[in-house]
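What follows draws every value from the coordinates through simple rules; no lab data is involved. The structure displayed is predicted, hence computed values, not measured ones. Neighbour counts run over all protein chains shown; Cβ positions are idealised from the backbone, glycine included.
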C-alpha cells in the first residue's frame, strides 16, 4: 500500500493509520539521516511561497535536499506572475508540468485545494491563510507521540490566539481524531471560532463544555474557556461541577500548546484590544503550578512575548524539538507522496469521514469569507462556488475550499419554479419550509437583494423581513 | 560539431539547422527525462532575474536540475548590487567567474548582449525588456513543429498586443526564417512596430500587405491588419483582392498565437485606451469559425482576459503543452551550450544574415530607445554606442544592443572637416548629400543642438530647418 | 588536526597558521575544481541574508555546489520571520537544527556572534553591519599572497572610505597580524575610526604615525593620513621626517586597496559632504606615479565611481581575480568547518590574543552603538550586555558583540556598597578612584541619570559635573 500521488491539503487527507505509519517512517529516517540521501534523487520539489516564510520553507527544502532531491523555489511570487494577474489554477498547471511535487503557502484560504485540483502532481499545503497548516500539525502530533507514546486520552491545553492560529485549528481536529481531550485557554477576544466547535461536536462526536468564570478556582492563573472531551472519555471532565475540573487538573496537563497573537490577521478592533497588552505569558512562574509539573511546553514558533526565554532551558520545553523534528517528518512525507517509499498501514480506526449532501444549483451564494480563494477576482473566471450542506436547522453551508461555515438567510427550491416563472419565490431560511426542500433542489441566498437579482420574489415565508 | 560556449541572445544566434538539431535532441530527452540526470553534474547555472518572473525562471532551473546540475539564483537582484550602483558588465564578469552558464532576464533592452560580451561563459537571454525572449520562441516553434511536422508554409496568426510583446517579436522573425506566412491581428493601437516590418521585408525578403478595413469580409470577427508572406510563397496571399483573403482563410489558419496586453510597458495614452476594454478575446465562439477548425491555440502565458478558460478543455489548446515542453527544450539547450552533448546539424538553409556597414565615428548619437542598455547611467561609463547603418534613404541606424532602428535627422562627413575646422558643417539627413558620404566617414545627429554642441555649423543643406 | 565545528565570526577566529593552511587547501582545490565535487555531498548549507547581497551569497552558494553540497537560501529574510518579531537566537536555533553550516549576513553588528552562540553548528559571518566581513578578508589576503608569495613586510595602501568599510576593518587587522605595513589614504571625513587605531597599537603592538598635511610632498596626489607599521618593521617608515616618506614611497606600494563610499551607512552630514563629490578616483593617471609601478590594484567590489573602468585592462588590476578566487577560498573554508577535509597547520606565530578582564556586574551600561545586536528590542529579551575592560585610563569597555569601544563617564564599585545602601555612590570615570576598583567589582554608567536610576548618589569625585 502506498501514498504515491496523494495530496496533503488538510490533515483530514491522512487517516489515523496513515499518520501512525508516517511517524514510524519518521523514526526510521531520524535514526539514519545520512542513509536517506539519494532516495529522491532526480525528483524536483517546487516550493511556492506566496506569503513570506522562512522556517517552513527552509524545513521543506532541507527535507528534500537530505533525500537527495532538487528544489525550485519561488518565495517572491507575490511580486511576479500574480502581479500579471495570473490565476492559481494556471500557476498550478504550469508548475505541475515542471516539478514532481508542489509545496504551497498562500494567503487565500482554500488556495492549496485549488492547486491540488489543477497541478496533476502531489500537493502539500504549507499554510493557506487562516485555514490549515497540516505539516505543522504532523510535527506537533509527532512530538506529543514521541514524548508520551500515545495521543489517545491525553489532556492537551491550547493557549493564546485560538481564533486566527491556523496551526491550532489543524491540531485541534487531529487531536480530536486521535481521542485526546482539549482544554481551551484563549487570550480574551481570541476564542475558538464557532465553526471549529461545531465541527468538533458534529464530526468527532465529542462534547464541548463552556467554563463559566466561576467554574474554575484556578481562574486567575488559568482563564480556561471551554473543554472538549472525546467520545471515548467518560464525562468526568466535561460534565463536571467545579470541583472536578480542579481534581482533573491536579492530575496534570500533558501538553500546553502556546501560540503567538496572529496580529497580521487582526481586525482594527482586535488590534486595539491587543495593544492593551493582556496576552497571557507562559513563564517559569506559570509552570510552577502543580498541573504543569510534567507538561510538555509546545509552540509552533516564531514566538513574540507569549513564551518567556527563561523557559528555554527547562526540560519541559519542546518547541525547538518540534522544529527540528519537522525535517524528518517532512522527509517521510515527501518520500511517501513521491512514491519512493511505501508503508504498511496499521489497522487503526479513523472516525469515518462525515458525508454531507452537496449544494449544486447553478444559482449559488458567494462564500462570505473575504479571504476565500473562491471569490478572488482572478479565480472566479474558472472557479465555481461549491458547498456542503452540513445542517438544515439553521441551514448551514460549508465552503469546500476554505471550509468556512455560514448560514444563508433565504432559500428557494428549484423544484417549485422550474418552467413556472411566477412561482419563483424565496423564503426565510429559518421558516419550516427549508426542511422540505430536497438537497438537490436547494437554492440559497445571503441577502434578499441577491434573491431578487435572480428574479425571485418574496413569499409569505420570508420571516419578519417584510 | 558542437555549440559549446555559444550564447543565445537573440533567436538569430541559432541557424535553422541548429534549431532543428536542438529539437531533435529535445525529442530524445523528452522520451527519457530520468535518463538525463547526471548529464550536467557538477555544472553551475546562474539564474539572474532583474525583473520578477516565476514561470521562466523555474522552467530553466527545473531543466538544470533534471540534468543533475546545480543552480545559483538571484531573483531579487533589483534590490541588491544594482542598488549599490553596479554596472551590468561588472555583474557579468563576477558571476562569469563563479558559474558555468548564465541565464539573464533584465528590463533593459540589450542587457543580455552586454552580459554575453563580458561574462566569458555562455549566456542565455531569458527576456530583455521588449527586445527578445528567444527560448520562449524555441518553445513556440517546437510546439508548432511537433504538431505539424513542419513550419515552412504554415499560416500563423498573431493575436493581441503585437507592439510590446517581446515573445511575438522573436517569434515573428523565427517564423519568417522558417518560411511561414504570418497574419497580424493586433488589438487596436498595438500594431506591429514599423522596425519589425522593415526587418521582415529587408532581411527575410518577404512581402507585407496592409489589409484595409474593407479588405476583409471577416472584419468583425477578425480585425486583420497585415499579412506577411515569405519569399517562397507565391503571392496568392499577399497580392490578393478581398476575395482571396477569404479563400485563403477558408483553408484554415494553422496556429493562432495569442498574447496578453503588456500593460506594464504601456504609455499613459495606451493605458487609457486599454481601460476602454476593446482587447479581443479568444473563446469558444471565435474558435467556431471555419478558419480555426484545426487551429493550434497558443499563448506564452500568463494570460489575463484575452484567452477564456473555457478553451482549456479544447483539444486545440496548446498553451499548457508549450509551457511543459519548455523544460526539455531548455534541457537540450543547456546541455548543448555547456558542451555536455553534441549535435549533428542537418544541412539546412538559413537565410544568409544581412551584413550592414557599421557606424564607427567617435562622435555618435545616443540610441533614442529609453530602455536601451547603452544609455543607462551605470553603463555609459564603459559602453560606447554602436550602430549598423541599415538604410541610407532615409538614413536609418540600428542599435547593436537593443536593435531599435531610428532615423537621425542631421549628418556630417568626417572626410569633409578633418583638420579643416571651418568646414565642419552639418546637413539634413534627407538631403541628397547623405548618399555621397562613405559609411566610415558618416557622423549622425538626432538634433541640431547635438551637432552644434560638437562644433558643427548648419550648411545650405539642413533642409527647411533654417 | 582539524577545524570541524569551528566558527568564523571575525578574522581573529583563525590563527595565522590556520589561514596559511587554508590557503594551501585553496591552491589544491583551485588546481582541480571538478575533483572536489562530492566532497560535501549530503551536507546542507543555510544561506541567511538579512541584507541584500548578490555577490557574496552567490559566491558561497557556488562554493557549496562545487563541493556537491546542497543549499537552502533565505535572501528575503527581512520580510519574513523578522517581521513577525523573531529574535536572532531563535532563528539560529531553528536553522541550526535543519542545516549543517550557516552563512549569515545581517545589518546588526555582532549578529553573527549571536548566531554562532545559539546555532549549535558552524557559523560563517558574511558581513554584519559595519563590523566584519572575514571571508572577504581571506579573499583579499589570498590574492596578495598569491601575487607576492608573502604578506609580511609588504606596504599596503588602503584607499577611500576607511570609516564604514567593514571589509577594510577586517583586512587592516589581518594585515597587521601578518606583519604588513599599512598606509591610510582616506577620503576626507572618512578616516579610520579611533577604535581601530587603538586596537592596532594595543593588540598588534605596532605604531601609527599621523601624517600632517605638510608631511607629504605627494600631498596632492596622495592625501595620506596615517601610517601603521608593524613591530617587526624598524621605524624607518614611521619615525620619518618628510623626506623618508618620499623615499619609502619611491620603493613602491605593494597593493592599493580601494573601497567605494558606503553611502548606505553615511550620516546626513556625510551624505551632504559626499554629494560635494571629492571622493578620490583611481585611474590610469594616478597609477602612472612611480610608487604604483608594480602595485596590485584591489577592490572588494561593487565599485561606483572610485575605480575607473579604464584600469580593467591593466595587468595590475586584481579585483576580478579577487572575486573569482572567492569561490575556491570559500570551498576550502566550508570543507574545513564541515570537517570533510583536514589540515596540517604550519607552526606559525600568531600574535597571542590579548586577554582582557571581563565586566560582569548585573548593573551594566548599554552598548552605545545603535547598530549593535545587543541593544535591539527583539534581542534584549534574552541577551545580556557583555564587555571587555580594555583600558582603565580612560576607562574603556569593548562590547563582545559588535567590538565597539566606548568610555563610560561614571563608575561605582560593587565592593563599596554591598549591603551598605548608604554607600552606593558613583564617581567620575576620570577620577583616580577608577584604578582602585577591581575589575570584578566595576560598575560603569554612561550618564549620571543611569547611575541615579539604579539608586546611586553622586560622590565628591563625580568631577566637574556638579
> From the label point of residue B:453, set 7 Å along Cα to the beta carbon, how far off in nm is each other copy's matching point, shortest first?
Replying inline: 5.8, 5.8
> If the viscosity is 0.890 mPa s and the temperature 25 °C, what Stokes-Einstein diffusion coefficient in µm²/s follows for the stretch C:297-359 when Rh is the Kirkwood radius over Cα pairs?
Replying inline: 156 µm²/s
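Report the percentage of all Cα-Cα pairs in the stretch A:248-399 whose separation exceeds 24 Å, rounded to a whole percent. Walk me through the numbers on the way to the answer.
Values: 7472 of 11476 pairs.
Value for the stretch A:248-399 (Cα pairs over 24 Å): 65 percent.
For the protein assembly as shown, rounded, prolate or oblate, judged on the Cα gyration tensor with a ≥ b ≥ c (square roots of eigenvalues), a/c < 1.5 rounded, else prolate if a/b > b/c? Provide the component values of the computation, followed by the final result.
Values: a/c = 1.92, a/b = 1.00, b/c = 1.91.
Since a/c reaches 1.5 but b/c is at least a/b, the shape of the protein assembly as shown is classed as oblate.
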>> Could you give me D for the stretch B:358-465, from Stokes-Einstein at 37 °C and 0.692 mPa s, where the hydrodynamic radius is the Kirkwood radius over C-alpha pairs? Units µm² s⁻¹, please.
In response: 234 µm²/s
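Given just the C-alpha atoms of chain C, how large is their convex hull per residue in cubic angstrom?
Values: hull volume 78.1 nm³, N = 466.
Value for chain C: 168 Å³ per residue.
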> So what does the Cα-only Debye profile of the stretch C:90-205 read at q = 0.12, 0.15, 0.17, 0.21 Å⁻¹, as log10 I(q)/I(0), no solvent term?
Replying inline: -0.50, -0.74, -0.88, -1.12
>> How high is the relative contact order of chain A? Use alpha-carbon pairs under 8 Å, at least six apart in sequence, and give a whole percent.
In response: 16 percent
> From the Cα gyration tensor of the stretch B:1-123, with a ≥ b ≥ c the square roots of its eigenvalues, which class applies: rounded if a/c is under 1.5, or else prolate if a/b is larger than b/c, or else oblate?
Replying inline: prolate
> What is the distance, in nm, between label points placed 7 Å from the Cα along the Cα-to-Cβ direction at residue B:194 and at residue C:305?
Replying inline: 3.8 nm
> Any idea what the relative contact order of the stretch A:358-465 is, in percent, if you count C-alpha pairs under 8 Å spaced at least 6 apart?
Replying inline: 28 percent
>> Taking a point 7 Å out from Cα toward Cβ as the label site, list the nm distances between residue A:149 and the same residue in every other copy, smallest first.
In response: 7.0, 7.0
> What are the nm distances, shortest first, from residue A:288 to its equivalents in the other copies, labels at 7 Å along Cα→Cβ?
Replying inline: 8.1, 8.1
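Given the rule -39500 (n - 2.57) for each run of at least 4 DSSP H residues, summed and divided by the residues of chain C, what is its mean residue ellipticity at 222 nm, to the nearest 500 deg cm²/dmol?
Details: 13 runs with 135 residues, N = 466.
It comes out at -8500 deg cm²/dmol, rounded to the nearest 500.
Would you mind ranking C:256, B:14 by Cβ crowding within 10 Å, fewest neighbours first?
On the way: C:256 26, B:14 23.
So the residues, fewest neighbours to most, are B:14, C:256.
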> If each residue's Cβ is checked for other Cβ atoms within 10 Å, how do A:65, C:360 rank with the fewest at the top?
Replying inline: C:360, A:65
> For the protein assembly as shown, what proportion of DSSP beta bridges, expressed in % and rounded to the nearest 5, is antiparallel?
Replying inline: 40 percent
